[in-house]
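Here is the structure we will look at, set down as structure tokens.
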Amino acid sequence: MTLRILVVGAGIAGLSAARGLRVAGFRPDVVEALPATMSPSAGIYLPGNASRALRLLGLDVPLRPLGDLIFRHVFLDARGRELFEMDVAALWAGVGESRALSRSDLQQVLLTGVGGEVRYDTEVRDLQIVEGAAKVEFATGAIAEYDLVVGADGRRSMVRDRIGLGGPATPTGQIVYRAVVSGGPPLTDWTAVLGRRSQFVAMPMGGRKIYVYADETSPDSPDPADPRERLREVFGSFGGPVPAILDRIEKVSVARTDEVVLPTWSQGPVVLVGDAAHATAPTLAQGAAMSFEDGYVLGQELRQADGDIPGALRAYEDRRRPRCVDVRDRTRERDRARDVPPSLRDPMLRRRGLRIFTDHYKGLVASV
């Protein structure tokens with residue numbers, strides 16, 4: 001059966017959905033409101049279950065030469081003393097490799113899997129369900145009907161808003177800083193330095209570059225006018241590799257993180273994937289992995305449904321929701337543990353950190 005399918009959004013979730021649909025034998029259209037020149041500039045960390053999902057999508061081969069493999073997570077206190085370490089190679093053994101790489105390189109890998117043109121500078125202005133079909137109005141004034149619309153347009157999803165699937169995203173109170181450092185200190189491990197309601201994470205991402213992800217819990221403060229200066233202010237007293245990395249940082253991006261919690265992810269012929277459906281804080285680095293898995297499962301359920309689109313969307317959500325809820329719950333647990341005062345948290349992590357943090361990933365070792 002030939003279905004008219006539109007994927008709204010050409011970020012990680014949208015391109016993953018498009019690839020999952022193509023693997024299942026469909027040929028979706030993909031539109032993106034932003035221009036093609038808007039290339040992501042930060043890095044990204046993909047745990048083992050993300051690599052497995054890319055393998056299911058048939059995209060593991062082009063990923064292999066990119067970035068750096070991560071074998072250990074090392075946790076340090078604010079002075080740079082070790083709290084504990086995790087053998088992530090053993091954790092994900094038989095599942096997939098953990099890897100840090102350029103976000104733009106990942107975007108290119110995903111684009112190779114779309115199998116058709118992405119229509120950039122193409123904004124969806126309105127979306128309505130009419131007699132079981134999705135009527136889409138574009139900003140150009142053009143109107144088209146689809147058998148299925150996939151909303152992959154992020155935490156502030158227009159598709160979610162237009163179709164009435166839930167309200168706005170809920171702020172988590174975290175401010176996130178991201179940077180890519182060239183020529184920084186030698187670094188072989190994913191390394192987190194934990195402060196008071198803050199953490200500084202750095203990891204090798206290939207090409208003698210380091211990907212930096214840092215955050216602070218600060219729900220009431222205004223957005224920093226100078227993110228680079230704020231990064232130095234919050235983390236300037238940290239030990240470990242932090243001082244040498246801060247000396248090399250030139251450009252910092254900043255964002256506040258949100259959660260999306262919805263009663264349902266679909267209505268009629270419209271479904272949400274990725275952050276539009278189930279965004280969390282990025283603490284467990286599961287955002288991309290959940291999007292890859294969403295795309296694969298959506299395609300498989302649609303192929304098995306023999307034209308019953310609402311039934312396929314229910315089956316997709318039934319498979320995906322428990323896993324995504326678990327990620328949200330474990331993310332909240334991890335953030336609560338991080339925000340315990342260091343005088344209590346650090347001794348606890350030295351004793352039990354490995355067990356606590358390993359448990360956060362155990363549910364993800366099982367296949368999708």
Residue set Leu54, Leu69; condition under 22 Å from Tyr361 (Cβ atoms) and surrounded by 22 or more Cβ atoms within 10 Å (Cβ to Cβ); output residue Leu54
Of the listed residues (Leu148, Leu59), the one being surrounded by 18 or more Cβ atoms within 10 Å (Cβ to Cβ), out of contact with any Gly (no Cβ under 6 Å at 6 or more places or on another chain) and not charged (D, E, K, R) is Leu148
Counting only residues that are among the β-branched types (Val, Ile, Thr) and within 14 Å of Asp275 (Cα to Cα), region 8-37 contains a total of 2
In region 126-161, residues that are of a type in the set (D, E, K, R), in contact with a strand residue (DSSP E or B) (Cβ under 9 Å, 6 or more places away or on another chain) and over 17 Å from Leu272 (Cα atoms) total 2
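Yes/no per residue for (1) within 20 Å of Arg79 (Cβ to Cβ); (2) at pLDDT 95 or above; (3) under 22 Å from the mean Cα position of the chain (by Cα):
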site: Phe200; (1), (2), (3): yes, yes, yes
site: Pro204; (1), (2), (3): no, yes, yes
site: Phe238; (1), (2), (3): yes, yes, no
site: Val242; (1), (2), (3): yes, yes, no
Looking at region 5-28, can you tell me whether even one residue there is out of contact with any Gly (no Cβ under 6 Å at 6 or more places or on another chain), farther than 28 Å from Lys362 by Cα, of a type in the set (A, V, I, L, M) and free of Cβ contacts under 8 Å to residues at least 24 places away in the same chain?
no
Gly116 meets each of (1) crowded, with 16+ Cβ neighbours inside 10 Å; (2) touching a residue at least 60 places away in the same chain (Cβ under 8 Å) with one exception, condition (1)
Is it true that Arg103 is in contact (Cβ under 8 Å) with a residue 40 or more places away in the chain and over 17 Å from Ala288 (Cβ atoms)? no
Apart from one, (1) more than 26 Å from Val95 (Cα to Cα); (2) charged (D, E, K, R); (3) at pLDDT 95 or above all hold for Asp275; the odd one out is (1)
Within region 305-320, of all residues that are of a type outside the set (A, V, I, L, M, F, W, C) and under 23 Å from Ala366 (Cβ atoms), the one surrounded by the fewest Cβ atoms within 10 Å (Cβ to Cβ) is Asp318
Restricted to region 130-145 and to residues being of a type in the set (Val, Ile, Thr) and exposed (fewer than 15 other Cβ atoms within 10 Å of the Cβ), the residue modelled with the highest pLDDT is Ile143
Note: among Ser218, Ser266, just one is of a type in the set (Ser, Thr, Tyr), over 19 Å from Tyr45 (Cβ atoms) and at pLDDT below 95, namely Ser218
Wholly inside region 266-366, helices (runs of 4 or more DSSP H) that include 1 or more residues that are more than 30 Å from Ile129 (Cα to Cα) and among the basic types (Lys, Arg) are 309-338, 342-365
For region 183-195 the number of residues that are at pLDDT 95 or above, small (Gly, Ala, Ser) and more than 21 Å from the chain's Cα centre (by Cα) is 1
Practice item. Could you please let me know if Asp189 is surrounded by fewer than 20 Cβ atoms within 10 Å (Cβ to Cβ) and either within 23 Å of Glu82 (Cβ to Cβ) or touching a Lys or Arg at 6+ places or on another chain (Cβ under 7 Å) (or both)? Key: yes
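The values are calculated or read from the model by the stated rules, or taken from the named source; none is laboratory data. In this text, all values refer to a predicted model and were calculated from it rather than measured experimentally. Methodologically, a virtual Cβ is constructed for each residue, glycine included, from the backbone with ideal geometry; neighbour enumeration extends over all protein chains shown.
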